[in-house]
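Here the structure comes first, spelled out in structure tokens, and everything after it is commentary.
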Amino acid sequence: MRPGPMNAPLWFTAVRIVAIPPLMVLLLVDGIDGARWWAFGLFVVACATDSIDGWLARSRGLVTTAGAFLDTLADKLLISAVLVSLVETGEVAAWAAMIIIGREFAVTGLRMVAAAEDVVITADRFGKAKALSQNVAVAVIIVPGVAGAVEDGLLYLALALTVLSGANYFVAARWRISSRRAAARPDVVGGP
């Protein structure tokens with residue numbers, strides 16, 4: 001990865017970050033006609049930018065260090081802001097929001113520790129399934145008039161995938177960091 005100037009993928013990432021304050025206003029301020037539908041639309045567009053920026057970066061060779069960092073930051077800020085808003089409105093339990101937000105911070109910390117060991121921890125399919133389940137659950141909760149059982153079922157699925165994918169990241173990171181350390185020590189069999 002290389003540092004670089006603002007490029008198309010970074011613009012899409014920026015859109016995701018800039019969408020957060022108006023999204024929170026739409027969720028928290030009473031008296032805005034159609035606010036929930038506007039919030040739903042804005043959330044869906046913001047989530048779509050995550051796929052667009054990743055595709056653009058890979059397909060055009062525009063993967064940058066700033067982009068990789070800002071992309072994951074934007075994802076975490078978006079889901080955290082919406083969950084905090086939904087806790088405030090009483091639609092998501094604080095404990096459920098904290099499981100998701102806590103996992104996001106823990107995996108970010110893990111990536112920082114791994115980076116210090118020259119190990120890159122990238123998103124795997126499990127992590128992508130977790131993100132999709134969270135986005136779908138939150139989108140359904142935002143939409144007015146959806147049955148509580150549907151919302152609850154989707155949120156519990158997202159929580160299960162959140163915990164399982166977090167555990168998967170920690171197990172994989174421990175193995176990769178241990179392997180890296182073993183390879184760097186000459187006294188270990190299989191080392192340089």
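The values are calculated or read from the model by the stated rules, or taken from the named source; none is laboratory data. The structure presented is a predicted model; accordingly, all values stated were derived computationally and were not measured. Here the Cβ positions follow ideal geometry from the backbone for every residue, glycine too, while neighbour counts run over all protein chains shown.
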Checklist entry - Is at least one residue of segment 150-162 surrounded by 14 or more Cβ atoms within 10 Å (Cβ to Cβ), modelled with pLDDT under 90 and in a helix (DSSP H, G or I)? => result no
Checklist entry - Going by the conditions given, is Val113 β-branched (Val, Ile, Thr), at pLDDT below 90 and either more than 24 Å from Ile177 (Cα to Cα) or surrounded by 12 or more Cβ atoms within 10 Å (Cβ to Cβ) (or both)? => result yes
Checklist entry - Regarding Ala129, is this residue closer than 15 Å to Asp75 by Cβ, hydrophobic (A, V, I, L, M, F, W, C), touching a residue at least 12 places away in the same chain (Cβ under 8 Å) and part of a helix (DSSP H, G or I)? => result yes
Checklist outcome for this item: Expected output for segment 56-69 (first residue closer than 21 Å to Arg111 by Cα, partner of a type in the set (Ser, Thr, Tyr), Cβ below 7 Å, 6+ apart or cross-chain) is Gly67/Thr13
Item to check | Restricting segment 1-59 to residues that are touching a Gly at 6+ places or on another chain (Cβ under 8 Å) and part of a helix (DSSP H, G or I), the residue that is nearest to Val84 (Cα to Cα) | outcome: Thr13
